[in-house]
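The values are calculated or read from the model by the stated rules, or taken from the named source; none is laboratory data. Since we're looking at a predicted model, the values are computed, not measured. Neighbour counts run over all protein chains shown; Cβ positions are idealised from the backbone, glycine included. For accessibility, only protein heavy atoms count, side chains too; no ligands or nucleic acids. Shrake-Rupley method; radii C 1.70, N 1.55, O 1.52, S 1.80 Å.
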Number of protein chains: 2
Amino acid sequence: MYSDCVSTPERLIEATRELLWERGYVGTSPKAILQRAGAGQGSMYHHFTGKPELALAAVRRTAQEMRATAEAVLGGPGSPCERIESYLRRERDVLRGCPVGRLTMDPEVVASDALRAPVDETLDWLRERLAGIVEEGQELGEFGSALDGEEIAATIVATVQGGYVLARASGSAAAFDTGIRGLLSLLTPRAPGHDSPTRPRT
Amino acid sequence: MYSDCVSTPERLIEATRELLWERGYVGTSPKAILQRAGAGQGSMYHHFTGKPELALAAVRRTAQEMRATAEAVLGGPGSPCERIESYLRRERDVLRGCPVGRLTMDPEVVASDALRAPVDETLDWLRERLAGIVEEGQELGEFGSALDGEEIAATIVATVQGGYVLARASGSAAAFDTGIRGLLSLLTPRAPGHDSPTRPRT
DNA sequence: GTCTATATACTGATAGAC
DNA sequence: GTCTATCAGTATATAGAC
């Protein structure tokens, strides 16, 4: 818990962030939040108008955090290709899923423009950031010039998000890693033994 | 609803399938199921021991249906590459998400071996099926021999599953299609203008 | 087989004491 | 600011009439 670390609103937001990650919006009750935060009903309804507002604060912070984590790698040193590989290989709590992406499977989040907005904006930002890096890499000859930056960026983000699904289904992080290795093998074909087809399929 | 089509157990299962797809397990109450099925409490608890058993019947059927739908394309006519492309481009209710994959974000499903099993088995079957087709395509020279069938299969399934996430986040099916196009461009590089790098990155 | 009652616990929130 | 009390409604069943 956070019972003796920070202010009550802060503890409420952190407890909500954890529960939204573990159980989603529909699966998270105010009672569970209060217990985890070590607060009473009165505190929560004093600082927030209710569950929706508290969840919004939590989602915004989680989205911001994910963005910062990604930027730390994507804006770091290395060639475009290396930065994308670092992003894909970065350490993740795979079996917990993506705290932002998982919200898209929650009916109440998707139904609320306010709650969905931070999710949408974060994934959109990530795609654009990756698209720019792919295009940068194309100018350096790291990626085929026939590729479309935005498409590849969407594929990268989708593979990561779907990797969480495979991992959670199987109960093992291995499936996530397998999907990522496959994507990397497509993005960075190995030379000199590489023999990708030079003609379209028959 | 199904009030006058089939047997009561059947209506209960179909109503549960819809609700699990829309709202997940934690977001689906027996009351909602009964209303959608047009049945009373007594009927449900006469035919099923409770929500978990009913959900299990629903999940099993949904998993089986997804498998049959995939097999219809993957076992159909065409070259390996064409069949994979058909699978990726097949019509989908993108904004509704994947009725099987979305269950992996549900804490109660993941916590229950019985409920998770059909999900795991279906996604696992799909990966193995795709891996075999990729390897078949490699023998025909459609895919680079340096690729790993299981890895590419995991990437394909992950991209589809993650595509749903992107689509639901943005509220538009376009993001799904963009990710799929990116994957296809990586899987089937265009000739003769294809100029993927012949050496690893610097 | 299906229905209506009944039961216990939880959900999400409000009221008012301290 | 935080607490406890209270509340109408829901979640997930069980009991027993028909």
Pairs needed: first member in region B:31-57, of a type in the set (Lys, Arg); second member anywhere, near DNA strand C (Cβ under 9 Å from one of its atoms) and open to solvent by 40 Å² or more (accessible area, probe 1.4 Å); C-beta distance under 9 Å; at least 6 residues apart or different chains.
B:LYS31/B:GLN41
Looking at region A:136-147, is at least one residue open to solvent by less than 40 Å² (accessible area, probe 1.4 Å), assigned to a helix (DSSP H, G or I) and in contact with an Asp or Glu (Cβ under 8 Å, 6 or more places away or on another chain)?
no
Counting only residues that are among the polar types (S, T, N, Q) and under 14 Å from B:GLU14 (Cα atoms), how many does region B:41-84 have?
2
Need at least 3 residues that are within 26 Å of B:ARG168 (Cα to Cα) per element, so show me which helices (runs of 4 or more DSSP H) inside region A:1-117 make the cut, counting only ones lying wholly within it.
A:8-23, A:51-74, A:80-89, A:107-111
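To keep it simple, each residue is scored yes or no on (1) out of contact with any Phe, Trp or Tyr (no Cβ under 7 Å at 6 or more places or on another chain); (2) modelled with pLDDT under 95; (3) at the interface with chain A (Cβ under 7 Å from one of its Cβ atoms).
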| residue | (1), (2), (3) |
| --- | --- |
| B:ARG92 | yes, no, no |
| B:GLU128 | yes, no, no |
| B:ILE152 | yes, no, yes |
| B:ARG201 | yes, yes, yes |
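Confirm whether B:LEU88 is within 14 Å of another protein chain (Cβ to nearest Cβ) and under 18 Å from B:LEU184 (Cβ atoms).
Yes; evaluated as a whole, the condition is true for this residue.
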Would you mind stating whether A:GLY24 is closer than 28 Å to B:LEU20 by Cα and either more than 8 Å from DNA strand C (Cβ to nearest atom) or touching a residue at least 60 places away in the same chain (Cβ under 8 Å) (or both)?
yes
Which of the residues that make up region A:164-179 are open to solvent by less than 10 Å² (accessible area, probe 1.4 Å) and more than 7 Å from every other protein chain (Cβ to nearest Cβ)?
A:ALA167, A:PHE176
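Mind listing whichever residues of region A:37-56 are of a type in the set (Gly, Ala, Ser) and either open to solvent by 30 Å² or more (accessible area, probe 1.4 Å) or near DNA strand C (Cβ under 9 Å from one of its atoms) (or both)? Outline the logic, then answer.
The initial filter retains those residues of region A:37-56 that are of a type in the set (Gly, Ala, Ser), namely A:37-40, A:42-43, A:50, A:55.
Residues satisfying the conditions are A:GLY38, A:GLY40, A:GLY42, A:SER43, A:GLY50.
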For A:ARG60, only one of the following conditions fails: (1) within 16 Å of DNA strand D (Cβ to nearest atom); (2) more than 14 Å from chain B (Cβ to nearest Cβ). What is its number?
(1)
Picking from B:PRO80, B:PRO30, the residue that is within 12 Å of DNA strand C (Cβ to nearest atom) and either more than 14 Å from chain A (Cβ to nearest Cβ) or more than 23 Å from B:ASP113 (Cβ to Cβ) (or both) would be B:PRO30
Please find, within region A:6-36, the residue that is most open to solvent (accessible area, probe 1.4 Å) out of those that are of a type in the set (Gly, Ala, Ser) and more than 9 Å from DNA strand D (Cβ to nearest atom).
A:SER29
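Please verify whether A:GLU65 is more than 16 Å from DNA strand C (Cβ to nearest atom), more than 15 Å from A:ARG129 (Cα to Cα) and free of Cβ contacts under 8 Å to residues at least 60 places away in the same chain, treating the condition exactly as stated. Lay out the reasoning, then the answer.
On the way: more than 16 Å from DNA strand C (Cβ to nearest atom): yes; more than 15 Å from A:ARG129 (Cα to Cα): yes; free of Cβ contacts under 8 Å to residues at least 60 places away in the same chain: yes.
Answer is yes for this residue.
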Kindly indicate whether B:GLU18 is within 14 Å of chain A (Cβ to nearest Cβ), charged (D, E, K, R), more than 14 Å from DNA strand C (Cβ to nearest atom) and within 23 Å of A:SER29 (Cβ to Cβ).
no
Among the numbered criteria (1) open to solvent by 20 Å² or more (accessible area, probe 1.4 Å); (2) modelled with pLDDT of 95 or more, which single criterion is violated by B:GLY182?
(1)
Out of all the residues in region A:71-110, which are farther than 19 Å from A:LEU19 by Cβ and surrounded by fewer than 15 Cβ atoms within 10 Å (Cβ to Cβ)?
A:GLU71, A:ALA72, A:GLY75, A:GLY76, A:PRO77, A:GLY78, A:ARG89, A:ARG90, A:GLU91
